[in-house]
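Peer 1: Pasting in a structure now, in structure tokens, and then I'll have a few things to ask.
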Amino acid sequence: MSERVFRLIMGMVLWAILLISTIYQNHTLMIVFCIVLLFEGLTNWRIPTIISNIRYSKKTIKANASKTLLPVALFSDFEAERMMRFIVVIFILISFFSLPDVLWFFPWYVAGMMIVSGISNICPMVMFLRWIGFR
């Protein structure tokens, strides 16, 4: 499973969780979703990598780092996909739990952007994070 497919699945799951949370007023699934993303971000045990290792019985090939904004990248050991998971969790926690009346549309926007980035393989967040120095 590639990161592209995982972003598509993650966006669709987030969209379904938002729909269920809106209908039933139960936020348990959203908390579980955030915990899974935080676990992936903290441990770097990502579901696509684990599935690829099980499926192909070898390590996945990682892309080389492209040119960055900084000559010596400050975050050279931290991957952009990993940081994106943290950013998604922060956006969801702030908009869904802290200010739900004001930012009710933001989790839906994040889910939509995850679906679009999964379909098109163009994720502006990951592109920006790689540009500023993440691997």
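No lab work stands behind these numbers, since they all come straight from the coordinates. This is a predicted model, so every value here is computed, not measured. Reconstructed Cβ throughout: ideal geometry from the backbone, glycine too, with neighbour counts over all protein chains shown.
Peer 1: Please compute the net charge surrounding N121, taking Lys and Arg as +1 and Asp and Glu as -1 over other residues with Cβ under 12 Å from its Cβ.
Peer 2: It works out to a net charge of +1.
Peer 1: Using the alpha-carbon atoms, what tilt in degrees (0 to 90, nearest 10) does helix 47-56 show relative to the longest principal axis of the chain?
Peer 2: The two axes meet at around 50 degrees.
Peer 1: Turning to a different aspect of this structure: Just from the alpha-carbon atoms, what are the Rg and Dmax of the chain in angstroms?
Peer 2: Cα radius of gyration and Dmax of the chain are 15.6, 50 Å respectively.
Peer 1: Round to the nearest 10 and give me the degree value, 0 to 90, for the angle of helix 28-43's Cα axis relative to the longest principal axis of the chain.
Peer 2: Once rounded, the angle reads 20 degrees.
Peer 1: Something else about it: Using the alpha-carbon atoms, what tilt in degrees (0 to 90, nearest 10) does helix 80-92 show relative to the longest principal axis of the chain?
Peer 2: 10 degrees
Peer 1: Between R55 and N26, 0.36 nm times their residue separation minus their Cα-Cα distance comes to what?
Peer 2: My answer for the length gained is 6.9 nm.
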